[in-house]
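Read-outs: derived from the displayed coordinates by stated rules, not from any lab. Predicted model only: the values in this text are computed from it and were never measured. Neighbour counts run over all protein chains shown; Cβ positions are idealised from the backbone, glycine included.
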Amino acid sequence: MYRDNRAKSSANFYKAFAAGIWHNTRYGNKPLSSFPEHEHRNVANMGFEAAKEIEARLLEERSQKYMETHNQKFQCKTAFIELVVNMREHHTLADLERIAKLTEKTFGYTPTLLTIHGDEGHYDPQTGDFIANVHGHVRFCILDPLDGTSLYRKEMRTTEGYTLAERKKKISQFQTDVAQILGMERGISKEITGRKHLSAYEYKKMLARPDIAEKMALEKPEIIEKVVKKLTLKKLKEMNQEVRDELKKLGASREDYAELEAIKKAVEQKLKAKEPLTFENVDRQFSEFLEAFKNEIKSATEGAIINSINTLKCDKKQDGGHTIVGKYSQALNNGTYDVMKIVANQMSIAMNYGQNLRVAELEKIKKERDDAIKERDEVKGELRKATVMLEKAREAVEHWRSVAEAYQDAELEKSGKNVKIDPTVETVQYNTPQRSQNYEISR
């Protein structure tokens, strides 16, 4: 079964790259985030070649306008941006066209390529349903058609006539208008929540690289809620399995496993309901379970296990993690240490995702990318200069070659008059560095 993710309305601008046309039209290699069986749900207002041609023409025309208006070379590095819009399964290209017109009316940007993607998302492991992340892409040329300057830069510039508060109000109204056009619930303004939008690229990076995710919270603690929930649930499942294995070694009964499963589900429900979840909350639930479990043990050997459990506890470390303290030797001998260690360490990992995440690594990646783009542009500039110099050198070579040939011909003409005439030939051929020349001999 195919259904969307019931997203709230949201529209966000990003810098557009040439590769975005490939991605949006699904031209060439398909992105890893797409599913071929749902590619037929994608729609676009034009194909790959047409989009390239239109954007190249707009760039040429508005670059020329800039040079005519300012009497200097076109200098803007960002000519196109892309608007990514949350949508629902029932939306069509006509809805996205209304968003494009709203953007053009509000900011003056010229729309080019419009696409709706319905092939991205994930399969629900429990139901098998495909949960689609339906969204639209609209590419815009942000250069003023009158003078070639950047309309986006003008929009971001604060002046006495256009204050920061006015700009925020304008953008907020734009988000409201988008929600009304699409008939979707408007997302809560970041001015209220304090949240910052996380791009799809950043989000996928965090899921693929937990080492990056762990560094995000200090600078962007609000935007990692979904990531924290995914990672925490994953760790909770891993921990649950490990604890089950340890309980098996201790001879736990079927009822003990059922109680453990109930605790796990209760924790999952808390996560899904977005209730506050701390290490202490989870530790208390598992501690209560282990306490009930040990009270059922009646034998002398099992009594020793109870005593060992009573001596164990978790202390919080300065770095935010947790450590087991108590009679290690007794715990290691009877196996209870492993149980408590798993509970403490695994949940420490899971819970600390929400406390220790940063964006330093992502910023480093962005900087490396920007530096690479800058270096590439510089190399392109040097190549253009070298091409111009080479062409001038070629013209100079041709010029001096012509001069040398003319001089050579003149000299040969003079010397030819004094050549001794061979009565058996009618012409004399001179081979010179510049060219061979035949001269007729007058008798």
| Which of the residue pairs K77/K154; K8/K374; K169/K366; K77/K169; K30/K77; K73/K101 have a Cα-Cα distance greater than 26 Å in the structure shown? | K8/K374; K169/K366; K77/K169; K30/K77; K73/K101
| message | Please compute, for the alpha-carbon atoms of the stretch 1-147, the extent along each of the three principal axes and give them in descending order in Å. | response | 64, 31, 21
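How do V138, V388 line up, fewest other C-beta atoms within 10 Å first? Write out the running numbers ahead of the final one.
Working: V138 27, V388 10.
Ordered from fewest to most neighbouring Cβ atoms within 10 Å, V138, V388 come out as V388, V138.
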| request: Could I have the simple spin-label model distance between E104 and Y123, label points 7 Å from Cα toward Cβ, reported in nm to one decimal? | output: 4.1
| note | Rh (Kirkwood, all Cα-Cα pairs) for the stretch 69-155, Å, reads 15.0
| message | Take Q408 and Q64, extend 7 Å from each Cα along the Cα→Cβ direction, and tell me the distance between the two endpoints in nm. | response | 4.3
| said: Per 0.36 nm of contour for each residue apart, how much would the distance between N29 and R369 grow if the chain were fully extended, relative to their Cα-Cα spacing? | reply: 120.3 nm
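Sort L32, L114, L59 by Cβ crowding within 10 Å, fewest neighbours at the top. Working shown, then result.
Values: L32 7, L114 21, L59 17.
If I rank by nearby Cβ atoms, fewest first, I get L32, L59, L114.
Expressed in nm to one decimal, what extension gain is obtained for the pair D147 and R376 from 0.36 nm per residue of sequence separation less their Cα-Cα distance?
On the way: separation 229, 0.36 × 229 = 82.44 nm, distance 2.73 nm.
Separation in residues times 0.36 nm, less the Cα-Cα distance, equals 79.7 nm.
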| Approximate spin-label separation M1-L383, in nm, with each point projected 7 Å along Cα-to-Cβ | 5.3
| remark: Subtracting the Cα-Cα distance of E185 and K170 from 0.36 nm times their residue separation yields 3.5 nm
